[in-house]
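The values are calculated or read from the model by the stated rules, or taken from the named source; none is laboratory data. Just so you know, these numbers come straight off a predicted model, no measurement behind them. In this analysis, Cβ positions are derived from the backbone assuming ideal geometry, glycine residues included, and neighbour counts consider all displayed protein chains. SASA here: full protein model, heavy atoms, side chains in, ligands and nucleic acids out. Shrake-Rupley method; radii C 1.70, N 1.55, O 1.52, S 1.80 Å.
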Amino acid sequence: MLGFTRNDFPDDFLFGTATSSYQIEGHAFGGAGTTHWDTFAATPGNVVRGENGARACDHYHRFEEDFDLVAAAGFDAYRFSTSWARVLPEGRGAPNQEGLDFYDRLTDALLERGLKPCATLYHWELPAPLADLGGWRNRDIAGWFADYTEVIMGRIGDRMFSVAPINEPWCVGWLSHFLGQHAPGLRDIRATAHAMHHVLLAHGHAIETMRGLGMENLGGVFNMEWATPADDSAAAQNAAALYDGYYNHFFLSGVFKGTYPEIVMQGLEPHMPKGWQDDFAIIQAPLDWCGINYYTRKIIAPNDGLWPSHHEIGGPLPKTFMEWEIYPEGLYNFLTRTAAEYTGDLPLYVTENGMAAPDVLEHGTVADPHRIDYLNSHVAMVQKALADGVPLRGYFIWSLLDNYEWALGYDKRFGLVHVDFDTLDRTPKSSYHALTTALTRT
Ligand code: IFM
């Protein structure tokens, strides 16, 4: 049982669930171009079992059935992403009409079910031809991204409830260019500094492009991890502050303050692209809302290595199947801190929250009491933030379906709905049924 119902929330508070294109659609279908995730996954050692998004959940052919499930659970909104490579297989130039038609049908299918379409324009599947040109390291990507924005939103922008350009800039910049864990798998500080700046430049250009199309309710989606110092020492405090700086503050600071945190620039500044200081007028394009994706915290300890001279250590709290500690207080901390330091009265959304588990289908059902507990504890923090006056307008659960968890392949099941990856059968889990009871309007 969930410990809340929608009656515990303001009437206009939105409950939604989230997905992304490459993780569910099936990129082999409908004329989509090759992405850097296809090539990254085809390279030994990058992805568990070399799995990729070629078929994924086959949402491309089953989206009507999937949206029936979203509507039947009582959700108000559905957060999805459009694939750049499906819309523009070469990244630039001629659009793929099949791809545009797909997103057009998908939009109408949501509206027919009374669901608010909440789009993200980039959830990581960069067209491979653009990766060949340097991808996020190349400043020109901001213009390419604006052109793609114009093409896809020129087709479906009239029917979107909300749009954010880029999902989780930290993942695009740091995870993919410094840690090398996501495509393009680089481990290079100059590439990182360039990507972290260009991703915000592209964000700003896309917002300007959509304003030019007359669109409203445009925002940004930022992922955050609470940073806890490993001990009370000044060195551990500084290490956690730096982690907090490049993970949580860097992108918010760029977008809402027109500056990057000093503690981060001590390491990144020598590697930044020329003229970066002149780009904030674009990066700061005004937004209508801010989204926070939250899952966990990290415990950070200092070390004698090269900058950033720290590492993560294991923590004592119960963990999800991602080995992520369950720390609901971090969500409350971020909601209150973001409003206090960056966004003020601007509406906030929790645009992702959820957990992975090794859920098993047995006798036609999937019991996931761990997910019900996780949702209960995090929604309690949402309620606490609301009670404190944080202008929070909605909460989206990651994810509707078990799906492709990037470098970890298909084992890490985040869905409210179980997917059998052989038959592609969908089975709602017990958390889905609990949500249906909590969200159905009475
Ligand atoms: O699956 C991802 C998603 O693509 C982005 N946010 C975090 C999720 C869980 O790792």
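Observations
- Relative contact order (percent, whole number), the stretch 94-235, Cα cutoff 8 Å, 6+ residue spacing: 28 percent
- Charge dipole magnitude, Cβ of K and R +1, D and E -1 - the chain, Cα centre, debye nearest 20: 280 debye
- Overall, the stretch 362-402 carries a charge dipole of about 260 debye about its Cα centre when +1 sits on the Cβ of Lys and Arg and -1 on the Cβ of Asp and Glu, all other atoms neutral.
- Accessible surface of the stretch 346-442, 1.4 Å probe, proportion on carbon and sulfur as whole %: 55 percent
- Under 5 Å, built H, 5+ apart or other chain: amide partners of Asn403: Phe414, Gly415
- The length gained by stretching the chain between Ile282 and Arg190 to full extension, at 0.36 nm per residue less their Cα-Cα distance, is 30.9 nm.
- Only one residue of Gly33, Met1, Gln23 has its Cα farthest out toward the positive end of the dipole of the stretch 1-91, where Lys and Arg carry +1 and Asp and Glu -1 on Cβ, and that residue is Gly33.
- log₁₀ of I(q)/I(0) at q = 0.14, 0.17, 0.19, 0.27 Å⁻¹ - the stretch 378-423, Debye sum with one point per alpha carbon: -0.51, -0.62, -0.68, -0.91
- Computed over the chain: relative contact order in percent, which uses C-alpha pairs under 8 Å that are six or more apart: 18 percent
- Once the 1.4 Å probe is applied to the protein heavy atoms, the chain comes out at 36 Å² accessible per residue.
- Working note: Debye formula, equal point scatterers on the alpha-carbon atoms of the chain, no solvent; log10 I(q)/I(0) at q = 0.10, 0.12, 0.14 Å⁻¹ is -0.66, -1.00, -1.45.
- Here the 3J(HN,Hα) profile of the stretch 350-365, calculated from phi with Karplus coefficients 6.51, -1.76 and 1.60 at θ = phi - 60°, is 7, 8, 8, 6, x, 9, 9, 8, x, 5, 10, 8, 9, 6, x, 10 Hz, Gly and Pro shown as x.
- Charge dipole (Cα centre; +1 on Lys/Arg Cβ, -1 on Asp/Glu Cβ; no other charges) of the stretch 82-233 amounts to roughly 140 debye.
- Rounded to the nearest angstrom and listed largest first, the equivalent-ellipsoid semi-axes of the stretch 307-442 from its Cα gyration tensor are 28, 21, 13.
- With 10 Å bins beginning at zero, the pair-distance distribution over Cα atoms of the stretch 212-330 amounts to 12, 35, 32, 17, 4, 0 %.
- Residues considered: Leu242, Leu213, Leu69. Largest GNM mean-square fluctuation over the chain, using C-alpha springs under 10 Å, is found at Leu213.
- Solvent accessible area, Å² - Glu329, 1.4 Å probe, full protein context: 80 Å²
- By the rule of a C-alpha distance below 27 Å, with chain neighbours fewer than 8 residues away ignored, the lysines paired with Lys116 are Lys384, Lys429.
- Of the solvent-accessible surface of the stretch 1-42, computed with a 1.4 Å probe and all protein chains present, 51% belongs to carbon and sulfur.
- Computed from backbone phi with θ = phi - 60° and the Karplus coefficients 6.51, -1.76 and 1.60, the 3J(HN,Hα) list for the stretch 11-18 is 3, 8, 5, 9, 9, x, 9, 10 Hz; x is used for glycine and proline.
- Carbon/sulfur fraction of accessible area - the stretch 47-107, other protein chains in place, 1.4 Å, %: 49 percent
- Kirkwood Rh (inverse of mean 1/r, distinct Cα pairs), the stretch 1-56, angstrom: 14.4 Å
- For the stretch 42-154, radius of gyration divided by Kirkwood radius, i.e. Rg to Rh on alpha-carbons: 1.01
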